[in-house]
Each structure stands twice: as structure tokens, then as C-alpha cells.
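Chemist: A single structure is presented below for examination.
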Amino acid sequence: MSEPSPVLISILTGEEQLLVREAEDRLTLAALGAPPNSFNFSAGSAAEDRGDTINLARTRAMMSRRRVVVLRDIDKADVDLLDALIAYAEHPNPDTTLILTGLKMPPPAGGKDRGRVLANLVKKIGDVRRFDAKDASPVPFAQAEAKRGGCTMDARAAELLVSLNGPELLGLRQEVNKLCTFMGGSGAITVEEVDLLCSLVADARLWGLTDAIVARDLDAAIDALGHVFADGGDGEAHRLLSQVAWKLRELLEVQSYLRMNPRPASAPAAWAREAPQRRRRVEELLTKRPLDPVKTMAALARTNRRFHRSGPSAQHIFEGFVIDLLSNT
């Protein structure tokens, strides 16, 4: 039985960059049949490419049967690079597996959508996939990562970790690695360990912003945004949107709980773990001026669409999202 033909070109995009990177690793291993080395593997960024990627992809493989060339940050590719990639996709080197990765394909320029042209070409000869938050189940993922680190994590602890850090997988992996290191690579990670190691920074960072949204306090929201973006810039905006969305989901759940008559004996699990003083303050705000679920979800949907279009930076889009919430909910 003959071996399947190797993938000539693959495009891997999406917000879940951990899934993108793992798909890249699987393609690399499948193409080379062994871990990559400096003779058969190279990786670079589209933001810094000066023709190196295409030159390497066209070069005959040496010291191995195939060569893998990875070009990351494809969303930052300029027109010249995209034109070169389109020309390459029309006549790819059979000795090379070319992997293009990033958050999304580049936007149209000069009246031509080169990203779409490239993707359509690749679909005919290779592999085009997208990985978004809907493809991930964060709680089971956190538990599986704990198991990989030699520990166990019960569902309550995993749910708390996700509520504190958001569902983005790369951030969850980093937090679980921190917890496993704290545990010495064995034992059960419980709510107590998650609360001890992960709550302080996440709460100060996220609840400061979401509290300002609930209070419709523009000055407090601007101050919180200033702290959030002090170091992270555009790269922080995508991660932060998923975290704030998760917190807003919790607040809408709490708001529904407060409106129930008769009210259930127990509050939502994540809310029950909050400090009593904070619960009272936020419950009072939600009762006096509740969030509009429809407008909140609409603002999230609009912001998500804007992240995938050309125009303002991701940071400015996220800041607009916060102002939108303050004025419309």
C-alpha cells in the first residue's frame, strides 16, 4: 500500500493559536517523519519576510526527503509577498511542505482580495483550516493539561480557572503549567490551589473593567483599559475579548438569578465564590440598571466581526467595544 501524498501547502488560521500551532506541529512531523532539524525545517514571520520564504520553498530538499517551510503571521503579509505566494501556489515545489499560519487571511488591497485568491488555490492542492473558540472545550482541556503535568484537576477547579482566565487555550495551558509546578508534578489541583495562584491578578485585571461596565463609569473604564494595554497592545486585545465575554456571561447569569421569583436557594457557582462585599455592590448595580442581554450580545458580535476586517487596530476596536457597552446597555 502506497503512502499518502504529503501536503504541499497548508493554511492554518484562527483565534485559538494554540490549536493552530499544534496543527502546524502535526503537519511538520507528518511531512518529515521525524522531529525537524535545521537542515529540513525553517520558520519565519510574514511581517519580516523579504522573499526568504519563497526562495526556501523553491529550494530542493537537502539532507532529507522533504523540506518544511513555515510562514507565521500571514495576516501581516504585504501585497508583494501575497503575490509571490499566489505565484508559488500555482506551481509548488513537490519536495516542500509550505505552512502558512496566523489569526486570519490578510484583508483586500487595491481592489483585490489576494488572501481569498491564495486560499482558493490552496484548497485545490492542499489544506485550509480555521480554529476558533467554538472548536475548543476549555474545562476538559484544562483537566487534560493537568493530567499531562502529572496532576489531576476536578471540574470545579477547572471551571474556576476558566472563569478567572477566560476560555483561550494558550493562557489556560500556561496557568495549568504554573499550577502543576506548584504541586511538584503530582497530586490533586483543587479550587483552593486555583484561587491561591490564579485569582489575584485575573480578578484585579478583569473585574476592574467589568465593574466599570456594569456601573456605566466611563472614567473607571478608561483607567482600567490603560492598565490592561500598558504592555500588551494589539496582541492583548484578542485575548481580553474572550475573557471579558466570559465575565459578562457570568454577570448576565447573575442578573437572571436576581430576577427569579421565587429566587433559588443557591446562587450561580462562580458567583458564590466572590467576596460578599463585591457581590453586594454588583448585585445592587445590576438591580438598579440591569444589562440588556440582547445589546450586550450584539456588541460582542459586532466587535468579533471588526476583529476580522481591515481598519482600526485591535486595541482601538476593543476600546470601542467598551464604549459601546457603556452607552448601549
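Chemist: Normalise the Cα radius of gyration of the chain by 2.2 N^0.38 Å (N = residues in it) and let me know the number.
Modeler: In units of the globular-protein estimate, the chain measures up at 1.16.
Chemist: Under a Cβ-only charge scheme (Lys and Arg +1, Asp and Glu -1), can you give me the dipole magnitude of the chain about the Cα centre, in debye to the nearest 20?
Modeler: 740
Chemist: Give me the compactness ratio for the range 85-174, meaning the Cα radius of gyration over 2.2 N^0.38 Å.
Modeler: After normalising by residue count via 2.2 N^0.38 Å, the value is 1.57.
Chemist: Could you compute how much accessible surface ASP132 exposes when probed at 1.4 Å, giving the result in Å² to the nearest 10?
Modeler: 30
Chemist: With a 1.4 Å probe and all protein chains left in place, how much accessible area per residue does the chain have, in Å²?
Modeler: Heavy-atom SASA per residue in the chain reads 51 Å².
Chemist: Can you list the lysines whose alpha carbon is less than 30 Å from that of LYS295, not counting same-chain residues fewer than 8 positions off?
Modeler: Result set, ordered by chain and number: LYS104, LYS134, LYS247.
Chemist: Using Cα-Cα distances under 8 Å and only pairs 6 or more residues apart, what relative contact order does the range 1-147 have, in percent?
Modeler: Relative contact order of the range 1-147: 34 percent.
Chemist: Right, here's the next one. Enter the angle in degrees (range 0 to 90, nearest 10) between the Cα long axis of helix 314-328 and the first principal axis of the Cα atoms of the chain, meaning the one along which they spread out most.
Modeler: In the chain, helix 314-328 runs at an angle near 30 degrees to the longest axis.
Chemist: Leaving ligands, DNA and RNA out of it, report the carbon-plus-sulfur percent of the accessible area of the chain at a 1.4 Å probe.
Modeler: Answer for the chain: carbon and sulfur cover 54 percent of the accessible area.
Chemist: Per residue, how big is the convex hull around the C-alpha atoms of the range 1-70? Give it to me in cubic angstrom, could you?
Modeler: Measuring per residue, one finds 111 Å³ for the Cα hull of the range 1-70.
Chemist: What share of all Cα pairs of the range 1-129, in percent, falls into each consecutive 10 Å distance bin?
Modeler: 13, 48, 33, 6, 0
Chemist: Further, regarding this structure: I'd like to know which of GLY226, PRO167, PRO6 lies farthest towards the positive end of the charge dipole of the chain, counting +1 on Cβ of Lys and Arg and -1 on Cβ of Asp and Glu.
Modeler: Sorting the options by dipole projection puts first PRO6.
Chemist: If you average the sequence gap of Cα pairs under 8 Å that are 6 or more apart and divide by the length of the chain, what percent do you get for the contact order?
Modeler: 15
Chemist: Charges at C-beta only: +1 for Lys and Arg, -1 for Asp and Glu. How large is the resulting dipole of the range 52-202 about its Cα centre, in Debye rounded to 20?
Modeler: 800
Chemist: Kindly express, to the nearest 10 degrees and within the range 0 to 90, the angle between helix 114-125's C-alpha long axis and the longest C-alpha principal axis of the chain.
Modeler: That helix lies at roughly 60 degrees to the long axis.
Chemist: Right, something else. Which value in deg cm²/dmol, rounded to the nearest 500, describes the helix-derived mean residue ellipticity at 222 nm for the chain, given -39,500 (n - 2.57) per DSSP H run of n ≥ 4 and division by the residue count?
Modeler: It lands at -18500 deg cm²/dmol.
The values are calculated or read from the model by the stated rules, or taken from the named source; none is laboratory data. Quick caveat, the model's predicted, so the values are computed rather than measured. FYI the Cβ positions are ideal-geometry reconstructions off the backbone, even for glycines, and counts take in every protein chain you see. Surface areas here come from the heavy atoms of the whole protein model, side chains and all, with no ligands, DNA or RNA. Shrake-Rupley method; radii C 1.70, N 1.55, O 1.52, S 1.80 Å.
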